[in-house]
1. Looking only at residues in the stretch 476-495 that are surrounded by fewer than 23 Cβ atoms within 10 Å (Cβ to Cβ) and charged (D, E, K, R), which one is nearest to residue 321 (Cα to Cα)?
2. Being assigned to a helix (DSSP H, G or I), surrounded by 22 or more Cβ atoms within 10 Å (Cβ to Cβ) and touching a Phe, Trp or Tyr at 6+ places or on another chain (Cβ under 8 Å) is the filter here; which residues of the stretch 298-311 pass it?
3. Quick one: residue 420 ticks every box in (1) under 30 Å from residue 458 (Cα atoms); (2) touching a helix residue (DSSP H, G or I) at 6+ places or on another chain (Cβ under 7 Å) except a single one, so which number is it?
4. Listed residues 393, 371, 400; which is at pLDDT 90 or above and out of contact with any Phe, Trp or Tyr (no Cβ under 9 Å at 6 or more places or on another chain)?
5. Could you go through the stretch 389-397 and let me know if any residue there is under 25 Å from residue 500 (Cα atoms), surrounded by 16 or more Cβ atoms within 10 Å (Cβ to Cβ) and not hydrophobic (A, V, I, L, M, F, W, C).
6. Out of (1) closer than 27 Å to residue 514 by Cα; (2) in a helix (DSSP H, G or I); (3) out of contact with any helix residue (DSSP H, G or I) (no Cβ under 8 Å at 6 or more places or on another chain), what's the single condition that is false for residue 460?
7. Can you go through 194, 187 and tell me which one is in contact with a helix residue (DSSP H, G or I) (Cβ under 6 Å, 6 or more places away or on another chain) and among the small types (Gly, Ala, Ser)?
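The values are calculated or read from the model by the stated rules, or taken from the named source; none is laboratory data. Since the model is a prediction, treat every value here as computed from it, not as a measurement. With ideal geometry, Cβ positions are generated from the backbone for all residues, glycine too; neighbour counts draw on all protein chains shown.
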Amino acid sequence: MTDHSGWLDSRKGATAGEPKANGASAPRGSGDNSVQLHSGAVLKAGARASVVQDAARGVAAMVCGHVRWLDARLAETARQNGDAAAALEGYLAHGERIVEHIAGTFALAAIDARHARAVLAVDRMGVERMCYALRDGLLAFGASVTDVTSHASIGFAIEPQAVFDYIYHHMIPAPRTIARGVCKLPAAHVLTFAGGRISLRRYWQCEFEDELRAFDEGARARELLDTLQTVTSEHRNGGDAAAFLSGGIDSSTVAGMLSRAEPGSAHTYTIGFAAAGYDEVSYARLTAKHFNTRAHEYYVTPQDVAASVPKLATWFDEPFGNSSAIPAYFCALAARQDGVTQLLAGDGGDELFGGNTRYAKQNVFEWYFRVPRALRAGVIEPMANGLGGLPVVRKLKSYVDQANIPLPERLQTYNYVMRESSAAILDPSLAGAVDTALPVAEQREVFAEPRTRDKLNRMLYLDWKYTLADNDLRKVMSACSLAGVNVRFPWLDERIVDVSLRVPGPAKVRGRKLRYFVKRALTGFLPPQVIHKPKHGFGLPFGVWMREDRALQRLVDQSMQSLRERRLVRADYIDSLTRRHRDEHAAYYGEFLWVLMMLELWLDSRAARA
């Protein structure tokens with residue numbers, strides 16, 4: 001069963017039947033249970049959620065995730081009776097403003113059957129999910145798109161714009177989903193349903209600190225380390241937790257904090273690849289030795305990929321093209337086979353404290369605008385455009401051309417759609433049904449939202465949505481779910497997020513120095529080799545392996561043949577992409593073949609289930 005789902009039909013009031021309950025009050029972590037207030041008011045909870053009702057009032061509440069109650073009275077209720085009971089009490093006392101009294105990672109739903117009202121909410125960073133649809137006065141909702149479309153009044157039809165979103169982003173950003181009429185609730189949002197209508201409100205907006213002069217680096221560094229230790233200890237689940245360990249700063253920090261809480265007994269899990277340029281196991285081993293963890297390693301093979309891809313592609317409730325879901329899955333699977341039920345992941349540190357290479361690169365382009373406008377327009381740009389033969393001038397022109405692309409569009413310079421043009425990629429039948437300018441327009445809106453003058457902080461904020469909530473968190477949550485492991489994210493605890501907001505942009509990235517503040521804060525805690533190693537990432541060498549591995553070639557060839565017949569992607573573009581993968585850059589073009597393959601595998605599975 002899913003984590004949670006439900007519906008409320010505003011056309012059916014209390015007269016639609018007497019309230020009846022199945023498992024009306026369920027403890028945290030229980031199995032499938034549900035509350036039916038009447039035939040048009042139902043809440044269901046799976047193993048990660050709990051649900052409870054007040055039958056006399058015709059009200060029920062469900063909560064999923066790991067909640068931290070900010071209200072002392074609600075915290076005590078949760079301690080005694082579970083989080084669902086606290087959610088019900090909080091909803092009765094505060095209505096949709098319950099979100100002001102709850103923290104942690106959560107999806108929350110409350111329904112008032114007699115007044116045909118409902119409230120849905122998700123946590124600040126969007127770790128937990130809530131999908132929903134409104135049809136003729138009925139609100140259906142759940143943790144997945146499938147939960148919503150399985151309701152007889154909703155049903156499933158492909159949303160063409162979402163297909164283009166996927167081709168552009170390699171996932172489908174909120175609020176759209178692959179299903180027409182079904183939405184995802186964005187991070188830090190609460191939805192209210194009343195009178196047969198819905199309204200959305202952002203209940204939390206970050207406040208970045210822009211002023212560097214008042215910044216106390218030492219005090220903030222101590223606060224970060226102390227808070228990380230507190231959070232990691234809380235996330236241990238009573239000691240039954242291990243840690244992902246990639247060898248990077250974020251996962252190494254979590255592993256180190258876990259080892260402090262469990263000296264000599266903390267378990268870490270690492271994935272390696274026998275492919276040049278992709279393997280970071282040596283750094284993971286340094287960290288494991290430094291903190292004396294019980295280290296476990298597994299090397300993913302091309303055979304593993306070929307065997308697991310069809311299962312992984314269809315486990316997601318909509319197309320998902322991040323290839324690092326494969327190593328995340330095998331890492332979680334190795335832990336589960338050892339009896340681990342909860343993993344701590346390092347996701348979020350890069351996006352909070354400036355660890356992605358693109359942040360430093362954009363700083364380089366922003367330097368161009370420190371040159372007086374007259375000098376740029378009168379000397380530099382005429383020279384770059386008029387003396388194109390010399391290599392140094394070609395480099396200058398490339399730099400100027402990129403610098404003159406405004407943020408956030410400049411971040412998409414290497415996007416396949418931006419480099420090739422949508423007309424070259426999309427079949428005309430899809431191109432005519434979508435707005436190809438919409439992804440960029442939506443990114444501009446998000447980039448403009450935060451109240452900050454610092455462009456780095458705007459990039460971080462953009463990545464909270466597009467890199468974390470819509471991408472990496474979905475990847476890790478789904479991969480762990482498939483492996484049968486729960487996962488938590490210490491870096492994304494709101495107390496760590498709040499620390500990051502108090503670190504000004506120039507202290508996060510100084511010139512081309514990524515994670516400037518964090519590296520200084522972690523000096524003496526992490527091995528120096530880990531602190532100073534080049535930024536690597538957690539990529540899968542799919543394109544490289546596919547050149548040699550026959551099973552991967554067959555998988556891609558079969559998927560591309562089927563995709564041609566769907567008239568979503570131009571057949572000549574698929575042929576060109578396949579040829580360039582073979583003859584030019586295997587890693588670069590192989591990644592887009594992966595994206596298209598995962599789209600086809602998902603669509604094929606969906607058709608088989610229909």
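1. Among those that are surrounded by fewer than 23 Cβ atoms within 10 Å (Cβ to Cβ) and charged (D, E, K, R), it is 494.
2. Matches in the stretch 298-311: 305 only.
3. Among (1) under 30 Å from residue 458 (Cα atoms); (2) touching a helix residue (DSSP H, G or I) at 6+ places or on another chain (Cβ under 7 Å), the lone unmet condition for residue 420 is (2).
4. 371
5. No, there is no match, as no residue in the stretch 389-397 is under 25 Å from residue 500 (Cα atoms), surrounded by 16 or more Cβ atoms within 10 Å (Cβ to Cβ) and not hydrophobic (A, V, I, L, M, F, W, C).
6. Exception for residue 460: condition (3).
7. After ruling out the rest, the residue left standing is 187.
Okay, residues lined up against (1) more than 30 Å from residue 315 (Cα to Cα); (2) in contact with a strand residue (DSSP E or B) (Cβ under 7 Å, 6 or more places away or on another chain):
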position	(1), (2)
451	yes, no
460	no, no
481	no, no
487	no, yes
501	yes, no
508	yes, no
523	yes, no
540	no, no
543	no, no
